[in-house]
Amino acid sequence: DAKTTQPTSMDCAEGRAANLPCNHSTISGNEYVYWYRQIHSQGPQYIIHGLKNNETNEMASLIITEDRKSSTLILPHATLRDTAVYYCIVRGANFGNEKLTFGTGTRLTIIP
Amino acid sequence: ETGVTQSPTHLIKTRGQQVTLRCSSQSGHNTVSWYQQALGQGPQFIFQYYREEENGRGNFPPRFSGLQFPNYSSELNVNALELDDSALYLCASSLGLGSETQYFGPGTRLLVL
């Protein structure tokens, strides 16, 4: 699986959009970009994933660049409950690529 | 729909003991993956079970073993516990293999003294 690079930490004001970047320059054509978050001492929570096109769900939007070498997770109206560690993961679609390889993620702090 | 559940929530063991952790997968999911998360680190893949067979293993010694039952629930067994085994153990279930999304349980926190 391709490696990802994320900033160690970020702050965002409550009510503003939080934009979390991720670099995955070695991503290959059949690899998905997944985002999970982990609130202190809880299990990781799935947020969103995508292959090529931008994706949106009730939690967030995922913007993937045309060359697929980077992506941005957008939380449109951040609340205090969005304070967590956010993990960007690149994962193959084929059998034999079932594991998720977590890095150290981005610690997002929402400021009141 | 019931999510992924794990038991116990917390556990304290001493070095050299054995421990069994349990996971019930989300309804309809036939695949269970186990991860270990040391303090301050991201989760590390231990192994995965699909339809009662091991389907992939991470860089963990053989004293980490598992089982999956016909109802797709799973156990993680760790023998000869070491101090470094202290961690949060996470179970994730998914519907099949490949790129299916994995959904995590709340974890079991193990402390080895």
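Every read-out reported here was derived from the displayed coordinates using simple, explicitly stated rules and does not represent laboratory data. Bear in mind the structure is a predicted one, so any value in this text is a computation, not a measurement. Methodologically, a virtual Cβ is constructed for each residue, glycine included, from the backbone with ideal geometry; neighbour enumeration extends over all protein chains shown.
Some values worked out for this structure:
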read-out	value
Vicinal HN-Hα couplings computed from phi for the range A:46-52 (Karplus, 6.51 cos²θ - 1.76 cosθ + 1.60; Hz; Gly/Pro x)	5, 10, 6, 8, x, 10, 10
Label-to-label distance, nm, for residues given as A:LEU51 and A:SER9 (7 Å Cα→Cβ offset)	3.9
Residue-averaged beta-carbon neighbours from other chains (10 angstrom radius) around A:98-109	5
Candidate lysines for bridging to A:LYS69, where Cα separation is under 26 Å - those fewer than 8 sequence places away on the same chain excluded	A:LYS3, A:LYS52, A:LYS99
Burial ordering of B:LEU111, A:LEU73, fewest other beta-carbon atoms within 10 Å first	B:LEU111, A:LEU73
Packing-based order for A:27-33, B:42-48, using average beta carbon neighbours within 10 Å, highest first	B:42-48, A:27-33
Charge dipole magnitude, Cβ of K and R +1, D and E -1 - chain A, Cα centre, debye nearest 20	180
Proximal aspartates and glutamates relative to B:LYS13, as straight alpha-carbon distance under 19 Å, when same-chain residues fewer than 8 apart are discounted	B:GLU75, B:GLU82, B:ASP84, B:ASP85
Partner chain coverage, peptide B:43-51 - average Cβ within 10 angstrom	3
Selection from A:VAL90, A:PRO21, A:SER9 lying farthest towards where the dipole of the range A:1-92 points positive, charges on Cβ	A:VAL90
Free-standing Cys, chain A [no other Cys Cβ under 4.7 Å]	A:CYS12
Size of electric dipole in the range B:9-90: Cβ of Lys, Arg +1 and of Asp, Glu -1, about Cα centre, debye, nearest 20	100
Whole-number D in µm² s⁻¹ for chain B, Kirkwood Cα-pair radius fed into Stokes-Einstein, 25 °C, 0.890 mPa s	177
Choice from A:ALA78, A:ALA13, A:ALA60 with maximal GNM fluctuation in chain A (Cα, 10 Å cutoff)	A:ALA13
